[in-house]
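This report concerns only the one structure given below.
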Amino acid sequence: MAKTAAVVSYIDLEKCLRGWSKVLSLWRLCGNAACRRARRCRGEAHVCLPKNFQLLPQGVRDWFVDLAAAQECDIPFDAAIESLDASPAGQAFHDWNAAVAASLGEAEEAPAAQTTGPAER
Ligand SMILES: [Zn+2]
């Protein structure tokens, strides 16, 4: 049976949400042990993301909302990231990634969103 457009778009949406969950390190806050073990969303991303998004620090939520707004306004992704990097929201995003890395006993890595969007990986 051929996939309908609705099925394909649902799969694409789940893939996209998983990518953003990873960028935002939402697995760190997830109640699903499989997500925390895998360090990525292993549940249903459309359920995990909104639930865990609310648990992020306010500045990180602002970073995401500002980035989404920039995309909506057709501001190039790299330009939006560069602008956000210089903002309090960008600092909050950086601090969040540093805190997640520190909680794992790892050296801080550059956030993936600063080089490529989640859909490109
Ligand atoms: Zn999860």
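Looking across segment 1-34, the residues that are closer than 30 Å to residue 87 by Cα and either surrounded by fewer than 11 Cβ atoms within 10 Å (Cβ to Cβ) or within 9 Å of the ligand (Cβ to nearest atom) (or both) come down to 21, 26, 27, 29, 30.
Screening the candidates 107, 112, 34, 45 for the property of being modelled with pLDDT under 90, among the small types (Gly, Ala, Ser) and in contact with a Lys or Arg (Cβ under 8 Å, 6 or more places away or on another chain) yields one hit, 112.
Residue-by-condition table, conditions (1) touching a Pro at 6+ places or on another chain (Cβ under 6 Å); (2) in the same structural domain as residue 103 (by TED's automatic domain parsing); (3) under 21 Å from residue 104 (Cα atoms):
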site: 10; (1), (2), (3): no, no, no
site: 15; (1), (2), (3): no, no, no
site: 22; (1), (2), (3): no, no, yes
site: 38; (1), (2), (3): no, no, yes
site: 47; (1), (2), (3): no, no, no
site: 61; (1), (2), (3): no, yes, no
site: 66; (1), (2), (3): no, yes, no
site: 73; (1), (2), (3): no, yes, no
site: 76; (1), (2), (3): no, yes, no
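With respect to the conditions (1) surrounded by 11 or more Cβ atoms within 10 Å (Cβ to Cβ); (2) modelled with pLDDT under 95; (3) within 16 Å of the ligand (Cβ to nearest atom), residue 53 falls short on a single one, namely (2). Being away from the ligand (no atom under 16 Å from the Cβ), more than 13 Å from the chain's Cα centre (by Cα) and in contact (Cβ under 8 Å) with a residue 60 or more places away in the chain is a property that holds for residue 103.
The values are calculated or read from the model by the stated rules, or taken from the named source; none is laboratory data. Source: prediction; values computed, not measured. As a convention, Cβ positions derive from the backbone with ideal geometry for all residues, glycine included, and neighbour counts pool all protein chains shown.
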